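The values are calculated or read from the model by the stated rules, or taken from the named source; none is laboratory data. If you're wondering where the values come from, they're calculated on a predicted model, not measured in any experiment. Positions of Cβ are generated from backbone atoms using ideal geometry, with glycine treated the same way; all protein chains shown enter the neighbour counts.
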Amino acid sequence: MSEVRVRFAPSPTGYLHIGGVRTALYSWLWARRHQGTFILRIEDTDRERSTDESIQVVLESMRWLGLDWDEGPEVGGEHGPYVQSKRLHIYAQVAERLIENGHAYRCYATKEEIAASREAHRQSGTKDGFRFESPWRDRSGAPEDSNSRHVIRFRAPHTGTTSWNDAVKGRIEIQHSTLQDFILLRPDGMPLYNFGCVVDDLTMGVTLVARGDDHVINTAPQILLYRALGAEVPEFAHMPMVLAPNGEKLSKRHAAVGVLEYRDMGYLPDGVINYLARLGWSHGDQEIFTRQELIEKFSWDRVGSTAGRYDAKKFLHVQAEHLRMLPDEELARRVVPFLADLGVEVAGDDPTLRKAIPYAKPRASTLIELAEAVDYFFRPVVFDEKGKRKFLVPGNAENLLRLAQVVEAVDPFDVETLENAVKAWMEENELPMKNVAQPARVAMTGRTKSPGLFEVMAVLGKEKTVERLRAAAEIASSAEAPST
RNA sequence: GGCCCCAUCGUCUAGUGGUCUAGGACAUCGGCCUCUCACGCCGGUAACGCGAGUUCGAACCUCGCUGGGGUCACCA
């Protein structure tokens, strides 16, 4: 097999959409699987919407996901520049060639003329789609003022068909009668999508073009363009789109669509990648994949043909699986910034943090939840009001005090020894675990839900455990008895 | 509307003519475990859109219908 060269070509218009990420991911996996080249190209020819900040967002998104590119912005490459607005001279050259060989022509029609033509078409009541037929298609000369504003159009065939064998959809055939003389270059020299895309893919040696299936129709004009340039046509892979839960096009209204939002919500790159990979692609019954497994197992023929719907719950589940797969040291390191957001400054190699992670891990799906599950080890208890009212009551004060006493004598201060000592004390006094556990839990964590009592104690350490139990006993004894 | 694509549980999917009284995962509902909450474990509900063919036999092949999506720009 010849070298695999694939690209991801987003337009920088705000954020990197999660659907776009999936396209990027599949291409990246394909490249990595075949030791090929993954190219990142910025399609910023829409001046209205493209911004430099957006380019940075795209790069940052790709970096965060770990989808590294071999050629593209910041890393360079032999076929640069990799930003379309810096390639205008190339498009101009190619367009000139197409004019010379008769495949393209200068069109001086004004926007007003086109609008009028569209209106006339509408009035005529035909059922066919509108195609602008430029009077300049068959005119040889130019207007008197040869500098006048014009675009360059492709001389599209009116009859026949173009077909290709799509890597995910199979054979697709498009009627030429549905094509119009699409514009290659605007008066300002900016290429339109179909032209810029083809020129770049061609000059960059792209062997397979992967994109969303909203581009299926564009493939016909693009193939025509390749042929007009006497070039070999690459392979195409059109994947179904990611839809909203209700079947609409996925947008901000339905979910977080910018991929960086997931970073901020405490998702892991591998969690995002796994969920997206599995949305539309499958490998038997396997649900959870490491990045390496994805690289080894990905193939276009396992990409399904039905549009996938975004499912936040499944996404969170897959994310949680990856959180639990991460070694504790690594989790401790990664949770630090999220703890900082909660106002807790702690180092990634802090021994208390390191000890707390294994107990917090099964209770968290994201890094944010993980941070929230360990914060009380590092700062004064903040009581859950309901829990406080229910459990820190006079009737429990004595037990809390005595528990503090029992615990104070425990050595070594580990889970097993603690459990033995406390249980022995409870048995002696015929105290049911239930009566002791919740007040103690609230005392130590401020909440009614937490890891096991003895686990919390062991992480907290003797000093803080005793201190918190006594403080809670104090609160309890001075609290009013429950009114009911 | 024209053109293009698609159609298995609520969702993601396995299934490529018989092994399917359709499997897995998420969600959901029961239960177990238990000091709370999770994790984990066990079990349940739940799908081949409809209609014609082809065939001894169809979720799998063909056609039609219905439904959904995409696209018809000097956006990408």
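Can you pull out every residue in region A:263-298 that is in a helix (DSSP H, G or I) and away from RNA strand B (no atom under 15 Å from the Cβ)?
Listed by number, the residues that qualify are A:R263, A:D264, A:P269, A:D270, A:R291, A:Q292, A:E293, A:I295, A:E296.
Can you say whether A:L98 is in the same structural domain as A:P157 (by TED's automatic domain parsing) and either of a type in the set (A, V, I, L, M) or more than 16 Å from RNA strand B (Cβ to nearest atom) (or both), as far as the supplied structure shows?
Yes, satisfied.
Condition first: closer than 28 Å to A:P135 by Cα and within 6 Å of RNA strand B (Cβ to nearest atom). Now tell me which residues in region A:186-214 satisfy that.
Of everything in region A:186-214, those that are closer than 28 Å to A:P135 by Cα and within 6 Å of RNA strand B (Cβ to nearest atom) turn out to be A:R186, A:P187, A:L192, A:Y193.
Take region A:101-117 and flag every residue that is surrounded by 13 or more Cβ atoms within 10 Å (Cβ to Cβ) and assigned to a helix (DSSP H, G or I).
Result: A:E113, A:I114, A:S117.
Within region A:458-470, can you find the residues that are more than 44 Å from the chain's Cα centre (by Cα) and in contact (Cβ under 8 Å) with a residue 60 or more places away in the chain?
A:V466, A:L469, A:R470
Quick grid of which residues meet (1) surrounded by 19 or more Cβ atoms within 10 Å (Cβ to Cβ); (2) closer than 24 Å to A:I217 by Cα; (3) more than 9 Å from RNA strand B (Cβ to nearest atom):
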| residue | (1), (2), (3) |
| --- | --- |
| A:H89 | no, no, yes |
| A:E119 | no, yes, yes |
| A:R122 | no, yes, yes |
| A:H150 | yes, no, no |
| A:Q180 | no, yes, no |
| A:L184 | yes, yes, yes |
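Contact list please: Cβ distance under 7 Å, first residue in region A:171-192 and farther than 13 Å from A:S85 by Cα, second residue in a loop (DSSP other than H, G, I, E, B) and basic (K, R), pairs at least six apart or on different chains.
Pairs found: A:Q180/A:R131; A:D181/A:R137; A:D181/A:R155; A:P187/A:R149.
Considering every residue within region A:357-379, establish whether at least one is out of contact with any Leu (no Cβ under 9 Å at 6 or more places or on another chain), part of a loop (DSSP other than H, G, I, E, B) and among the small types (G, A, S).
Taking every residue of region A:357-379 in turn, at least one turns out to be out of contact with any Leu (no Cβ under 9 Å at 6 or more places or on another chain), part of a loop (DSSP other than H, G, I, E, B) and among the small types (G, A, S).
Residues in region A:16-71 that are out of contact with any Ser or Thr (no Cβ under 7 Å at 6 or more places or on another chain) and in a loop (DSSP other than H, G, I, E, B): how many?
Within region A:16-71, residues that are out of contact with any Ser or Thr (no Cβ under 7 Å at 6 or more places or on another chain) and in a loop (DSSP other than H, G, I, E, B) number 11.
Need at least 3 residues that are under 10 Å from A:R106 (Cβ atoms) per element, so show me which strands (runs of 3 or more DSSP E) inside region A:133-175 make the cut, counting only ones lying wholly within it.
A:151-154
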